[in-house]
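In what follows, a single structure is set out as structure tokens and then discussed.
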Amino acid sequence: MDGPKLIALALLTSVGLTVACSAWMKKEATDEPSLSKSEQLILDDYKAEVEVGRNMAGRLFTFYGEYQNEGLKSYINSVGQYVARNGDYPDRRYMFSVLDSDSVNAFACPGGYILVTRGLLESAANEAEIAAILGHEAAHVGKKHMFNSLRAMSKEQVEKAESEAAARKRPDKYSRARLRPVGDNSDSGSALAKFLTTASGAGIGILQAAKLGMGLLLEKGLDKDLEFEADREGVKYAIRAGYDPKALDRFLERLAETKKKNNDKTVMDVTHPTIPDRRKVIADILNRMGADQIVGAVGKDRFEAARASLVVKGKDKVK
Amino acid sequence: MKMTRDHRLIYLIKKSIPLLALVSSAASADQMHYRNVITGERAQGLGGAYTGVADDASGVFYNPGGLAFAQSNDISGSANAFYSKKVTFKKAFLGVSDFVEESGGTFAPFFGVMQKLGKVLPGLVGGFAYYTLDTELKDQDDLKTNLGALQRFHRAANIRAATFGATGALGYRVSPSLGLGLSFGYIKVDELTQVSQNYTITSGPNYLAQSVRESLIAHGAQLGFGVQWAPSAQLSVGATVRSGSYASQKYSQVVDKVKVDAGVIDASPTMANSDNPLGSMPLELRAGVAWFASPRLLLTSDIDFHEAVADTSAVTKTLYTRESVTNFALGSEYYMTASIPLRLGFFTNYDATPTPKTSKIGQPDHIDYMGTSMFLAWAQPNSQISAGIVVQKGTGKSQKNASDSSLQDIDALAYTLGFSATHSF
């Protein structure tokens, strides 16, 4: 076969292979199961939730820093995953980690990002207490407390929250006078934002939702009833997982004593109901579940072993 | 914004053709205008009237005291997509036809970052900016034939020139209404001009060829002090003083000329160097007022003054002599929607070159500019991009013909299409 014929044959073969591959790939794409409208909405909803939560978790990591202790993070993750699997939403995705902060707090971001502070781990007495706290946060995630609260905000509420946040960030009148209007998030920037903008609420985008979510996490808190619900569910999940039913109550009792002793006010006091009110709710659910008859694990040794590597920085431990 | 840079790049042709002369007083970068480039993403739209605001990264340039009022940490950059300039010397060519010089190109006038340093000292803000004060890249080629006794005239000019600065600054909020700032910057002037000219005429010295190469490199430092004071929440007054000096200046000129006159060849190459053509760096005083009328509306005004500086070099003589100059600027910003601010600015860009007089010869051009800027921005919660145009229109006088004291009118038009972005974090 001479040169030109060989080249022509090679070209024809290439074209033929390309056409065949394209047809096959098209068929593969067509064979993918298409989602119904309602399924697509659920998928979009979940994607948006994860996106908002990821943004919020990123902000928390930026603000506090992640506590660099792989062993401790792994331990918290295993306890959290175990409790969450015993919750009402075991199929959801959860990610647990530790923030490098002395304050005693835990945060549940939409999409399953749950972060506890180093201060909280220093203050806890055993694994059962940690399990109940992580159960509380897992309940927030599973029931989409934060995400639904953000989506349900009216336009007026969004504007008010933003203006309050702006005022808090720039406290003096000279700086406030320099504030410019807050630009809208671009729909074109994210297809996920589109879902939120078509939701029934104020039509906020991912970034805006994350910012407002941070305001709720760190400054305003969720509705009290949602916190009470998370307490009830958290206790329930921990009991299902086999932990001591009264662990959360004991943790809160100790926390209240320490706060009283130190005349201490923290972010948690602003973002959560009062400890006495929370303990009443917990007592009620324990009573209804017949907790006195349940013997649960405390997990003190395992917890102490994991916590041994914690670098204690704070002074006022809840002991 | 580009100005007439090589207004000294004069092809000096005497009107009397038999004595047609070719003398070069070659180019220099435009050290004679102080608002050729409007620095800063927001400031650019406000025509440079920004001394009373200066609370973003460009505050490093306008007023380090304004940094103290920073709202957030910023990173900001401006990339000017395109600039163009056209300078028309009316009837400068043998008194009959216009001579036109055009240039164009792209350059990035500004990059800045600003970081709150509250962890070091509450109220402290640091910033750094790199900015282009002036730039030119010109490739000009002019050919004239059969103009009366002038059989052929050919001039090719290439200019590469830039003046830029890199400055670090600190702003400190002394009280809620008062900010003070200090800046320390490095300035570099780098110019290279190469001109080649040939002509042939039918009488007198009937052939002349000349090439001129000029180079100027200068390094300097500038120290600035800025203050910003808010007599009320909506009103802000700022002032800046900047003083500097050149640590080194190196100017060299090579003129290689061949003239053939009635069969006699006259070749006289010359070389000259100077270590002090620019003299000192002019003291700069800047003051501005900003009225934050509402979150949507901002009005600003600026005035800046540059002192006179004499060129005492024996080589460049008075080439770089600068008179004192006072410029003005007005700016406005209005948010048409929460995401779309419109910015307008008006400013002057007067020439520090002494105005040519008919009692002298060989004087450099003088062009006074009036400029306007219009920018639209697209604001997101943490970022903003701006696009717009800066137009400068100038008029002035030139003296293009050697040994001839007559003056020619100049019309100039320069515009810059600007694109900038700022991200807050």
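The values are calculated or read from the model by the stated rules, or taken from the named source; none is laboratory data. Owing to the predicted nature of the structure, the values given are computational and were not obtained by experimental measurement. Here the Cβ is made from the backbone with ideal geometry for all residues, glycine too, and neighbour counts use every protein chain on show.
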Listed by first then second residue, the pairs whose first member lies in region A:262-283 and is part of a helix (DSSP H, G or I), whose partner is small (Gly, Ala, Ser), with beta carbons under 7 Å and at least 6 positions apart or on separate chains, are A:267/A:103; A:270/A:221; A:271/A:221; A:275/A:256
Looking at B:372, B:355, which is the one that is surrounded by fewer than 21 Cβ atoms within 10 Å (Cβ to Cβ) and closer than 30 Å to residue B:93 by Cα? B:355
Residue B:404 passes all but one of the listed conditions (1) surrounded by 15 or more Cβ atoms within 10 Å (Cβ to Cβ); (2) more than 14 Å from chain A (Cβ to nearest Cβ); (3) assigned to a strand (DSSP E or B); the exception is number (3)
Selected residue (only one of A:300, A:224, A:246, A:319 is at pLDDT below 85 and either on the phi < 0 side of the Ramachandran plot or of a type outside the set (Phe, Trp, Tyr) (or both)): A:319
Single residue of A:90, A:110 found to be without any contact (Cβ under 8 Å) to a residue 12 or more places away in the chain and more than 24 Å from residue A:249 (Cβ to Cβ): A:90
Looking at region B:226-249 only, could you name the residues that are in contact with a Pro (Cβ under 8 Å, 6 or more places away or on another chain) and within 13 Å of residue B:59 (Cβ to Cβ)? B:226, B:240
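One line per residue, one yes/no per condition, for (1) surrounded by 23 or more Cβ atoms within 10 Å (Cβ to Cβ); (2) away from chain A (no Cβ under 14 Å); (3) free of Cβ contacts under 8 Å to residues at least 60 places away in the same chain; (4) out of contact with any Ser or Thr (no Cβ under 9 Å at 6 or more places or on another chain):
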position	(1), (2), (3), (4)
B:40	yes, yes, no, no
B:46	yes, no, no, no
B:68	yes, no, no, yes
B:95	no, yes, no, no
B:101	no, yes, no, no
Report, by residue number, each residue of region A:58-92 that is in a loop (DSSP other than H, G, I, E, B) and over 22 Å from residue A:135 (Cβ atoms). A:65, A:68, A:69
The one condition in (1) within 19 Å of the chain's Cα centre (by Cα); (2) β-branched (Val, Ile, Thr); (3) within 14 Å of chain A (Cβ to nearest Cβ) that residue B:51 fails to fulfil: (3)
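Condition check ((1) under 20 Å from residue B:285 (Cβ atoms); (2) of a type in the set (Phe, Trp, Tyr); (3) more than 25 Å from the chain's Cα centre (by Cα)) across all residues:
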{"site": "B:217", "(1), (2), (3)": "no, no, no"}
{"site": "B:220", "(1), (2), (3)": "yes, no, no"}
{"site": "B:223", "(1), (2), (3)": "yes, no, no"}
{"site": "B:226", "(1), (2), (3)": "yes, no, no"}
{"site": "B:229", "(1), (2), (3)": "yes, yes, yes"}
{"site": "B:239", "(1), (2), (3)": "yes, no, no"}
{"site": "B:248", "(1), (2), (3)": "no, no, no"}
{"site": "B:252", "(1), (2), (3)": "no, no, no"}
{"site": "B:255", "(1), (2), (3)": "no, no, yes"}
Could you tell me whether any residue of region A:287-301 is part of a helix (DSSP H, G or I) and either surrounded by 21 or more Cβ atoms within 10 Å (Cβ to Cβ) or within 14 Å of chain B (Cβ to nearest Cβ) (or both)? no
Can you pull out the residues in region B:118-132 that are crowded, with 19+ Cβ neighbours inside 10 Å and touching a Gly at 6+ places or on another chain (Cβ under 6 Å)? B:125, B:129, B:131
Conditions (1) surrounded by fewer than 24 Cβ atoms within 10 Å (Cβ to Cβ); (2) outside any helix (DSSP H, G or I): number failed by residue A:115: (1)
